[in-house]
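The values are calculated or read from the model by the stated rules, or taken from the named source; none is laboratory data. No experiment lies behind these values; they were computed from the predicted model shown. Methodologically, a virtual Cβ is constructed for each residue, glycine included, from the backbone with ideal geometry; neighbour enumeration extends over all protein chains shown.
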Amino acid sequence: MKKWTPSFQSRQWRDGMRVRHVYALPESNTDTELLALVEACRSSMASYPIDLQRDDLLHITIAMDTSVPADQMSQQDTVVFVAALRKELAGIPAFRVMCGPPIANKAGAVLDVFPNDELDGLQGLVWKALLDARGPSAVLYETGRPHASIGYSYDAADSDPLQSTLRAITPRHAAWTVSRVHVLDVAYHHNKLPDGRSAWQMSWERVAEIGLRSRHPENNSAGPVEDSGRSSGASGI
C-alpha cells in the first residue's frame, strides 16, 4: 500500500474543500454484525499506517457531484437536486447488501459489496437526478465496484501480511441495510498525526436524507425523510 490522496476533477483535493456526495450509511440498530466485522478488521490493522474509519464515517459512495465544489453551489441548486433525487427514488424499496470479505489494497482496506444489482440500480437513478439537476459535468466518472473503505493508508507498507491477517477473520461477511440515501458535503483535511506523519481525514456536513420505501407497506405512511441538519467530525486513529 502507499499513501492515499483524495482527488477531485482529476486533481489533488484542496485541503478543507467540500464536495457534494450521495452515500449509503449503515443502520446502527440493524447492522450490528457489520459493525462487529469492521471492529475485527480494525484490530487486524492496528499496527499498519492506516487511518481507521469510525463507525459514524463508514459509507458506500453512490455518487459524487463533480461539477463544482459545494461552496460554489447555491441553496436553490440544493433544492433542485434534492427534488430531482426524491422524484427518481420515489417508490424504490429498501434493500440489503452483503459486505466482505475485507481486502487490503493500495489505499488501505475495504469491504467488498455484493450483490450489485439493486445498488447499481439505485446508483443509476442518483446519476439521472444529478444529470437532470446539475448537467453532464456532475457525472464525470464512475465510482468503480461498490465497496466500503474501512481505513485509508497514510504511508507505504507491505499489504501482503495484512491481507493474510484479514483472511483469518470470521465471519467474513455481514449485511448492510440500505433504507435511505444521504446527501452530504464531504471534506478532507490533511492533518498531522501524533507520530509526526500526516493523513487525509474525512468529515462531512449533512444536507438531506431521502428515505427509500419499506418492503412492508404499513411502514410507509411517514414517507421519505429529509434532514437539513449539519454534522461533521474528522476521522482519527
Collect the residues in segment 5-26 that are buried (at least 20 other Cβ atoms within 10 Å of the Cβ) and not in a strand (DSSP E or B), keeping them in residue-number order.
Leu25, Pro26
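One line per residue, one yes/no per condition, for (1) at pLDDT below 95; (2) within 27 Å of Phe8 (Cα to Cα):
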position	(1), (2)
Thr170	yes, no
Val183	no, yes
His189	no, yes
Gln201	no, yes
Leu212	no, no
Asn220	yes, no
Gly229	yes, yes
Ser235	yes, yes
Unique residue being surrounded by fewer than 13 Cβ atoms within 10 Å (Cβ to Cβ) and either touching a Gly at 6+ places or on another chain (Cβ under 6 Å) or within 27 Å of Thr78 (Cβ to Cβ) (or both) when the list is Pro136, Pro194, Pro146:
Pro136
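Would you check which residues across segment 143-193 are in a loop (DSSP other than H, G, I, E, B) and either under 23 Å from Pro26 (Cβ atoms) or of a type in the set (Phe, Trp, Tyr) (or both) and list them? Don't jump to the end; show me each part of the working.
First, pick out the residues of segment 143-193 that are in a loop (DSSP other than H, G, I, E, B): 143-146, 154-159, 168-173, 179, 193.
Result: Thr143, Gly144, Arg145, Pro146, Tyr154, Ile169, Thr170, Pro171, Arg172, His173, Ser179.
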Name the single residue, out of those in segment 103-112 being surrounded by fewer than 19 Cβ atoms within 10 Å (Cβ to Cβ) and either in contact with a His (Cβ under 7 Å, 6 or more places away or on another chain) or not aliphatic (A, V, I, L, M) (or both), that is nearest to Leu37 (Cα to Cα).
Asp112
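Among the residues in segment 84-106, are any part of a helix (DSSP H, G or I), touching a strand residue (DSSP E or B) at 6+ places or on another chain (Cβ under 8 Å) and either closer than 22 Å to Leu162 by Cβ or not charged (D, E, K, R) (or both)? Can you show your working first?
Step one: filter segment 84-106 for residues part of a helix (DSSP H, G or I), giving 84-89.
Retained after the next criterion (residues that are touching a strand residue (DSSP E or B) at 6+ places or on another chain (Cβ under 8 Å)): 85-86, 89.
If we keep only those that are either closer than 22 Å to Leu162 by Cβ or not charged (D, E, K, R) (or both) as well, we get 85, 89.
Checking segment 84-106: at least one residue is part of a helix (DSSP H, G or I), touching a strand residue (DSSP E or B) at 6+ places or on another chain (Cβ under 8 Å) and either closer than 22 Å to Leu162 by Cβ or not charged (D, E, K, R) (or both).
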Failed item in (1) at pLDDT 95 or above; (2) not in a loop (DSSP other than H, G, I, E, B), with Ser43 passing the rest:
(1)
Scanning for something surrounded by 19 or more Cβ atoms within 10 Å (Cβ to Cβ), within 30 Å of Arg42 (Cβ to Cβ) and in contact (Cβ under 8 Å) with a residue 40 or more places away in the chain, does segment 161-170 turn up at least one residue?
yes
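With the structure loaded, tell me whether Phe95 is farther than 29 Å from Trp4 by Cβ and surrounded by 14 or more Cβ atoms within 10 Å (Cβ to Cβ) or whether it fails that test. Full working, then the answer.
Working: farther than 29 Å from Trp4 by Cβ: yes; surrounded by 14 or more Cβ atoms within 10 Å (Cβ to Cβ): yes.
Here the answer is yes, as Phe95 does meet what is asked.
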